[in-house]
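First up is the structure itself, then whatever we jot down about it.
The values are calculated or read from the model by the stated rules, or taken from the named source; none is laboratory data. Everything quoted here is computed from the prediction, not taken from an experiment. In this analysis, Cβ positions are derived from the backbone assuming ideal geometry, glycine residues included, and neighbour counts consider all displayed protein chains. Just the protein is used for accessible areas: all its heavy atoms, side chains included, with ligands, DNA and RNA removed. Shrake-Rupley method; radii C 1.70, N 1.55, O 1.52, S 1.80 Å.
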Amino acid sequence: MNPIIFLYLLVMIFPAYIANAIPVIAGGGGSIDFNIKFLDGRRLLGKGKTIRGTFWGIAAGFITGIVLIFVLPTMFFPLYDFSTKLLISFLLSFGALFGDSAGSFLKRRFGFKDGQQAEYLDQLSFLAGSLLFTYSYFPLTPINLVFLIIFSYLIHKITNLIAHRLNLKKVPW
Ligand code: CTP
Ligand code: MG
C-alpha cells in the first residue's frame, strides 16, 4: 500500500483536529449542560464543556474544511461535489465536539472529576465522533482506522503537553 494515503487521511481528518483544539483557547463561560445534573446526581457533562468552546470549535473546524476544499481539492474528499464537501466539513467538526462531549458524559457517569485524566477516552472520543458522523464518506479501511487512532492519540498527547507549557491548559492531558 502507498504511504501517501496516510497524508490524505490526515488532510481529511484535519478539520476534526482543529475543532477539538480550539475550545481550549476559545472556551469559558456557561456550560452546554446548563449545570443540569444526571440521575446519578453528577453533572450531565461538567463545567469543561462550554457553549463558547463548543460553538467556536465547530465553527473553526467547519472553516478549516472550507479552506481545504479550495486549497487541497485533490486531497480533501476529492470524489464529492462542493455541497457534500461542505456537509462533510460540518459533520467532521460537529462530530468531534459531539464525541468529546459524549466522552465527558461517560467520564461523569464513571465518577471522574471535571478535567481528571481518562486515558484513551480523552484523546480519542473526538475522533470516534467525527468518524461516526462521516462514516458514509470517509475512506475507512481497517489499516486507515488503526493509523488514525494511533496518530490522533499521539498528536493529542503532544499538543496538550505544548498547550500546558504555554499556560493555555492547567493540566498536561
Ligand atoms: N472546552 C470548552 N468546550 C468544549 C470542550 C472544551 O470550553 N466543548 C475547554 C474547557 O475550558 C476545557 C478545556 O477546553 O476545560 C479542555 O477540554 P477537555 O480536556 O476536553 O475538557 P476537561 O476540562 O478535561 O473536562 P472533562 O473532564 O469533561 O474531559
Ligand atoms: Mg481534559
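Observations on the model:
- The set of residues in region 23-36 that are assigned to a loop (DSSP other than H, G, I, E, B), more than 21 Å from residue 64 (Cα to Cα) and open to solvent by less than 50 Å² (accessible area, probe 1.4 Å) comprises 28, 30, 33.
To keep it simple, each residue is scored yes or no on (1) under 14 Å from the mean Cα position of the chain (by Cα); (2) open to solvent by less than 30 Å² (accessible area, probe 1.4 Å); (3) in contact (Cβ under 8 Å) with a residue 24 or more places away in the chain; (4) closer than 26 Å to residue 148 by Cα.
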residue: 7; (1), (2), (3), (4): no, no, yes, yes
residue: 43; (1), (2), (3), (4): no, no, yes, no
residue: 53; (1), (2), (3), (4): yes, yes, yes, yes
residue: 71; (1), (2), (3), (4): no, no, no, yes
residue: 87; (1), (2), (3), (4): no, no, no, yes
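- Flag if residue 156 is within 12 Å of ligand 1 (Cβ to nearest atom), out of contact with any His (no Cβ under 6 Å at 6 or more places or on another chain) and over 17 Å from residue 9 (Cβ atoms): no
Residue-by-condition table, conditions (1) loosely packed, with under 14 Cβ neighbours inside 10 Å; (2) touching a residue at least 12 places away in the same chain (Cβ under 8 Å); (3) more than 29 Å from residue 171 (Cα to Cα); (4) small (Gly, Ala, Ser):
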position: 3; (1), (2), (3), (4): yes, no, yes, no
position: 15; (1), (2), (3), (4): no, yes, no, no
position: 21; (1), (2), (3), (4): no, yes, no, yes
position: 38; (1), (2), (3), (4): yes, yes, no, no
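- Filtering region 100-126 to residues that are near ligand 1 (Cβ under 7 Å from one of its atoms) and at positive phi leaves only 115.
- Against the numbered list (1) surrounded by 15 or more Cβ atoms within 10 Å (Cβ to Cβ); (2) touching a Lys or Arg at 6+ places or on another chain (Cβ under 9 Å), residue 113 comes up short only at (1).
- Test: residue 63 is of a type in the set (A, V, I, L, M, F, W, C) and out of contact with any helix residue (DSSP H, G or I) (no Cβ under 6 Å at 6 or more places or on another chain): yes
- Exactly one residue out of 150, 143 is in a helix (DSSP H, G or I), without any contact (Cβ under 8 Å) to a residue 24 or more places away in the chain and either more than 16 Å from ligand 1 (Cβ to nearest atom) or of a type in the set (Phe, Trp, Tyr) (or both): that is 150.
- Among the residues of region 133-173, the ones that are β-branched (Val, Ile, Thr), within 16 Å of ligand 2 (Cβ to nearest atom) and either over 15 Å from residue 16 (Cβ atoms) or exposed (fewer than 11 other Cβ atoms within 10 Å of the Cβ) (or both) come to 3 in all.
- Residue within region 129-152 that is among the aromatic types (Phe, Trp, Tyr), within 17 Å of the chain's Cα centre (by Cα) and more than 20 Å from residue 9 (Cβ to Cβ) present: no
- Test result for residue 105, in contact (Cβ under 8 Å) with a residue 60 or more places away in the chain, under 23 Å from residue 50 (Cβ atoms) and open to solvent by 60 Å² or more (accessible area, probe 1.4 Å): yes
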